[in-house]
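A short write-up of the structure that comes next.
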Amino acid sequence: MHKLIHTNVGRLFFFVFLGFILFLAGNRVDELRVYQGATLAMFVVAISSVILLTGYSGQVSLGHGALLAIGGYSAVLARNYWSLPIWLCFAVAVLVTAAAGSVLGTAAARLSGPYLAGTTLALAVGLPSVANQFSFLGGEQGLIFDVGMPPESLGAEFSPYKWYFWIAASAALIAIWWLQNILRSRYGRTWRAVRGHEVAAELAGIHVGKAKTLAFTVSSGLAGLSGALLAMTIGTVSPSAFPLTLSFSLLTGAVLSGVTTLPGVMIGAVTLVAMPEIASAISHRLGDSDVVTQNLPGVLVSALLILVVLLVPNGPVEQLRTLRIRKNAKAHL
Amino acid sequence: MFTFIDTILIGLTSGAVYSLMAIALVLVWRSTRVINFAQAGQALLSTYIGFECIGRFNSYWVALILAMILGAGVSAFIEIVFMRTLFKRNTGPIAGVAPIIATLGLLGIIRSGIGIFMGGKETIIRPPVSNIGYTISGHTFALSPFKLVIVSAVVVMMVVLSLIFTKTNIGLALRASAFAPEIARLAGVKVDAIRTLGWAIAGAAGAAAGMLQTPNGTGALSPDSLEFSLLLVFGFIAAVIGGLESLIGAVIGGLLLGLVLAIVLMYINATLLFMTAFILLILVLLVRPQGIMGKKGGRRA
Amino acid sequence: MTTPSALLGVENLRVDFGGLRALNDVFLELRHQEVVGVIGPNGAGKTTLFNALCGLVEPSKGQLTLDGKSHAWPKTHELVDFGIARTLQGVGLFPDLTVVENVMIGAQKFAHTGFISAAFGRSKDESKLRDRAMLALERVYATGLAERRADTLSYPDTKRVAIARALVSEPRILMLDEPAGGLGAEDIAWMNALIHNLKLQCSILLVEHHMDVVMSVCDRLYVLNFGEVISSGAAETVRRDPAVIAAYLGASAT
Amino acid sequence: MSLIVSNLCVDHGAIRALDDVSMNIEQGQLAAVIGANGAGKTTLLRALSGLTPATSGLASWKGHNLLHSKPEKLVRFGVSHVSEGKSVIPELSVEENLNLGALWRRDAKESAQTRESIFETFPRLKERASQLADTLSGGERQMLAIGRALMSKPELLLLDEPSLGLAPLVIAQIFQSIRDLTTQMGLTVVLVEQNALGALEIADVGIVLNLGHVVASDTAKSLIENPQVRAAYLGY
């Protein structure tokens, strides 16, 4: 099994198999779980996007929420104004956000760490307010995103949430398969090289600026997709759907996943999905006061973030791997 | 004409507060090479402390001083407990990002923590003097006694800071540790302690920014209030525009941002504020990727 | 001044750092199948010369010729296309890539897979790149290290891998920045033999402090001091030059 | 009562920079440590001043252990290190650079006296006292760096390549002042130099390092004649 995953065809089969498992799972759990499954898929894509940018190409983005917003709005506009089929709306989201990302990335490639962090932060705060400026973006209330009812061929009992889950899960599977292919190709290698040693990468013939811009573009494409998925699960797009805290949560998810490792992405996504539930369980014990219910998720996520950075800065997955390497090295001696 | 004068006045007062916040960020950046996103959270915490103090001592001024002292303490605590551990352990692939992430986490904890403990209460900080503008020949200008207080408080603090930095031994140690920590250590400066001090001063400056900004707005104090989002984002943009390295740069960045935003606010539309700040930031960085007063990167190999 | 047959020629090179003149009027020539050493005391400007050649610092003035034809100073990422590869003093391996991946990065110019095909998992030339990388590793006797992560290597091993990464682009000119630096006596002897071996395949430009290595491998030397060439010519002649001896041992203080 | 180093080993990651280095320098002596680039000279000084942790071995000054102490502590104990490359802070004025060395001292009057005596030794610094160190020439910077170290009232002065990048005439001046300071103030000096002949001429004793090992150690006079010095530099 392990070996099979390491060939491209093998991985394609693995992903199809995974999709089948998910399909079976989707039929066996209640509506809430199905809805959470869709959210989970959305987070998987969004966190992968952050990991790609921060972990693989070494650029910090504090403003991924803004990219999600671009994706969400473009999908909704494509649906509402041109009535495109739903899969095409997602494609539009990916392409538009990737295009925006390539422009941003060109600027970002010139900036060093703190300046890039500042620029992306400003973008995350600034961009959603644009919606208030132009009436076709729906202002503060935003726009309704209706992906339509599930096809009748799926049967009458097939609920909309299950339909969302199907869409989100297949989108996530395709996106991750696609991303893994890229990361295993010379492009992924190039990004890791640039992050490892810029000058050495340049001497090896890599145009560092182009490589970084490409990473930003691909990451944006994924962010756009997850933005569209987010819009689908909540049914609307509005400035308040993409707050600064979304950007920060995604970063938290990425850190929990171990910024550099894609396999850990589930850890981050599951945590982000489960956090509100854990928080509500705890606040229930504390007597269900409003302020606690509202703020507990924030406290938990932030505390987790700090603990991870302090204790396992490269994420649990990477930490295990390092331990294994050390063990092997000792065995060699 | 009146509108234009008001624009300048609004720009300078809000710019002064952003400058104060930017100074706090620059102090931390210079002493530990960390962008402290928790700065706005610390300012929030200090302002809450100030609010409690107002209740107890019945004086805004005593509360301001106490908030600054306690803000400094909180900031020093964060440096000692979190930053030192972080730098000791931090070697992995995310070495460059980890401090930023840690301060974001702190920001989250402070905000939500305050939300839990204080969120239910109604908290209003009233300005100690009137915030209603002076009226001259029928026009009420955007300059009130409290705005004068803000500007003069910021000016006083800047003068005090620059005196500390240029005239005292501590200031010399602070500058030396920022520019060349190794040489400073060889000269006998306890660089670790000086770093903590840098954080403490930043904490005090941030506390002052919070205590001045809150009554200048609606006066309502809450973890999610607009005032603190403004401080977080605009203080930060001001610092980056200024180049992160220099206190003068922070002041220039703050005032520039304040003026530009005031123009947008008065002549165009308030919803564009954040977008304008972003565009201004991009424009400055496109011309000078290292900020207005920042230094160009050295040799690479 | 440059011989028409020279692979690489530099004339009147000047580099300023702020007010400081790091290089002044420096000239250099590298011919086919030649090993040329650049030596000189600390701070003489040797690495600056390498950096100027590699586009890492910008010369204030100076002419560059490649194959006898005048040429603009190349950008760093274009060097590989001109057939120039360089190792770095600090080695500069990519820490979280395996050894073979590190070397494959050096072979980037032979890769043609487009982004779209890569996304669909059709990286056709991947195995070719790997073969090239393994071949390069073989030339530095490091095939056994191929699957190790670069940050688990011993220092002498990182130096081999760095050279393999430079070699894999099949350069005509190999620039080695202190290949023996930081190595023990045994590894220095090994490096010495390796450079002798490489001589057969490409021309080599070398900055090195270990004089026994320099004397053993170099055909000609340029000696820098205070950013200027104070002596140049055949290795044996240069070594006897009183100006060089003074630069190395220091002039009398009185 | 002297500087004693025995079996000192220092590693930089995987590289062993100093291997089993031992030396013994009497109080009041000027010792020249010479050797080509990469011999481990700078590492030796950094280990002695607490900048680089040692892997194993001992180093003591006046019976006090130098290893495992922070540099800012060792300064208070009389160990001053002028690191490689004219260690001044260009953003500060000349006077501020000097004052930096005496910040930890509690005797304001005496520090002022020290400053005056440094101005006497290097009158050029007095002329430029209020200028930024950035505007100084290479030689002046080196004087300032040494002056800064002297402000800490050192008994053991560690100098790393003061001649680096300076013109021969300036080197001669700097070397002469180092010799004079040693004699006048009764300092013990470890002078790390690539400029072997110049350093040995002013030194009392000399130590030759090569590839992290001590290859020769003798009085400065006899080292000048010693072929091992040439071997360490020129490979013959």
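The values are calculated or read from the model by the stated rules, or taken from the named source; none is laboratory data. Note that the structure is predicted; figures quoted are calculated from it, not measured. Cβ sites come from the backbone with ideal geometry, for glycine too, and all protein chains shown count toward neighbours. Protein only, heavy atoms only, side chains kept; ligands, DNA and RNA dropped before computing areas. Shrake-Rupley method; radii C 1.70, N 1.55, O 1.52, S 1.80 Å.
Below, the figures for the structure above:
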| quantity | calculated |
| --- | --- |
| Residues within the stretch A:128-186 that are touching a residue at least 60 places away in the same chain (Cβ under 8 Å) and of a type in the set (Asp, Glu), tallied | 2 |
| Single condition D:Ser6 does not satisfy, out of (1) open to solvent by less than 10 Å² (accessible area, probe 1.4 Å); (2) closer than 27 Å to C:Gly182 by Cβ | (1) |
| Among the residues listed as D:Ser83, D:Ser117, the single one being surrounded by fewer than 18 Cβ atoms within 10 Å (Cβ to Cβ), modelled with pLDDT under 90 and under 20 Å from D:Leu181 (Cα atoms) | D:Ser117 |
| Tally of residues being closer than 23 Å to A:Gln180 by Cα and part of a helix (DSSP H, G or I) across the stretch C:123-150 | 8 |
| Residues located in the stretch D:10-54, provided they are within 14 Å of chain C (Cβ to nearest Cβ) and among the acidic types (Asp, Glu) | D:Asp11, D:Asp19, D:Asp20 |
| Residue check for A:Leu95: assigned to a helix (DSSP H, G or I), open to solvent by 30 Å² or more (accessible area, probe 1.4 Å), within 19 Å of B:Ile241 (Cα to Cα) and touching a residue at least 40 places away in the same chain (Cβ under 8 Å) | no |
| From C:Asp212, C:Asp157, C:Asp219, residue being open to solvent by 20 Å² or more (accessible area, probe 1.4 Å), acidic (Asp, Glu) and not assigned by TED's automatic domain parsing to the domain that holds C:Ile39 | C:Asp157 |
| Qualifying residues in the stretch C:130-154 (those that are without any contact (Cβ under 8 Å) to a residue 12 or more places away in the chain and more than 9 Å from every other protein chain (Cβ to nearest Cβ)) - the one least open to solvent (accessible area, probe 1.4 Å) | C:Thr143 |
| Filter result for C:Ile163 (within 19 Å of A:Ala201 (Cα to Cα), within 12 Å of chain A (Cβ to nearest Cβ) and modelled with pLDDT of 90 or more) | no |
| Qualifying residue in the stretch D:134-144 (condition: away from chain B (no Cβ under 14 Å), surrounded by 19 or more Cβ atoms within 10 Å (Cβ to Cβ), within 19 Å of the chain's Cα centre (by Cα) and aliphatic (A, V, I, L, M)) | yes |
| Matching residues, the stretch A:60-95, being among the small types (Gly, Ala, Ser) and modelled with pLDDT of 90 or more | A:Gly65, A:Ala66, A:Ala69, A:Gly71, A:Gly72, A:Ser74, A:Ala75, A:Ala78, A:Ala91, A:Ala93 |
| Single unsatisfied condition, A:Leu222 versus (1) free of Cβ contacts under 8 Å to residues at least 12 places away in the same chain; (2) part of a helix (DSSP H, G or I); (3) within 14 Å of another protein chain (Cβ to nearest Cβ) | (1) |
| Enumeration of residues in the stretch D:197-236 that are away from chain C (no Cβ under 12 Å), among the charged types (D, E, K, R) and not in a loop (DSSP other than H, G, I, E, B) | D:Asp218, D:Lys221, D:Glu225 |
| Top-ranked residue in the stretch D:181-196 [being within 14 Å of chain C (Cβ to nearest Cβ) and either farther than 21 Å from D:Ile224 by Cα or over 11 Å from the mean Cα position of the chain (by Cα) (or both); ranked as modelled with the highest pLDDT] | D:Thr182 |
| Residues satisfying the stated conditions in the stretch B:127-139, i.e. in a loop (DSSP other than H, G, I, E, B) and touching a helix residue (DSSP H, G or I) at 6+ places or on another chain (Cβ under 9 Å) | B:Pro127, B:Pro128, B:Val129, B:Ser130, B:Asn131, B:Ile132, B:Gly133, B:Tyr134 |
| Residue in the stretch C:66-75 that is open to solvent by less than 40 Å² (accessible area, probe 1.4 Å) and free of Cβ contacts under 8 Å to residues at least 24 places away in the same chain present | yes |
| Any hit, the stretch A:79-88, residues being open to solvent by less than 10 Å² (accessible area, probe 1.4 Å) and not basic (Lys, Arg) | no |
| Verdict on D:Ser83 being facing chain B (nearest Cβ under 10 Å) and of a type in the set (Gly, Ala, Ser) | yes |
| Selection within the stretch D:145-157 - more than 9 Å from chain B (Cβ to nearest Cβ) and not in a loop (DSSP other than H, G, I, E, B) | D:Ile146, D:Gly147, D:Leu150, D:Leu156, D:Leu157 |
| Residue satisfying condition, being closer than 30 Å to D:Asp19 by Cα, touching a strand residue (DSSP E or B) at 6+ places or on another chain (Cβ under 8 Å) and either among the hydrophobic types (A, V, I, L, M, F, W, C) or assigned to a strand (DSSP E or B) (or both), within set C:Ile188, C:Ile195 | C:Ile195 |
| Top-ranked residue in the stretch C:85-119 [being within 8 Å of chain A (Cβ to nearest Cβ) and surrounded by fewer than 16 Cβ atoms within 10 Å (Cβ to Cβ); ranked as nearest to the chain's Cα centre (by Cα)] | C:Lys109 |
| Qualifying residue in the stretch D:168-180 (condition: among the acidic types (Asp, Glu), more than 14 Å from chain C (Cβ to nearest Cβ) and either open to solvent by 10 Å² or more (accessible area, probe 1.4 Å) or touching a Cys at 6+ places or on another chain (Cβ under 6 Å) (or both)) | no |
| Checking D:Val21 against (1) at pLDDT 90 or above; (2) farther than 18 Å from D:Val208 by Cβ, the condition it does not meet | (2) |
| Search result, residues across the stretch A:253-270 that are open to solvent by less than 30 Å² (accessible area, probe 1.4 Å) and assigned to a helix (DSSP H, G or I) | A:Gly253, A:Ala254, A:Val255, A:Leu256, A:Ser257, A:Val265, A:Gly268, A:Ala269 |
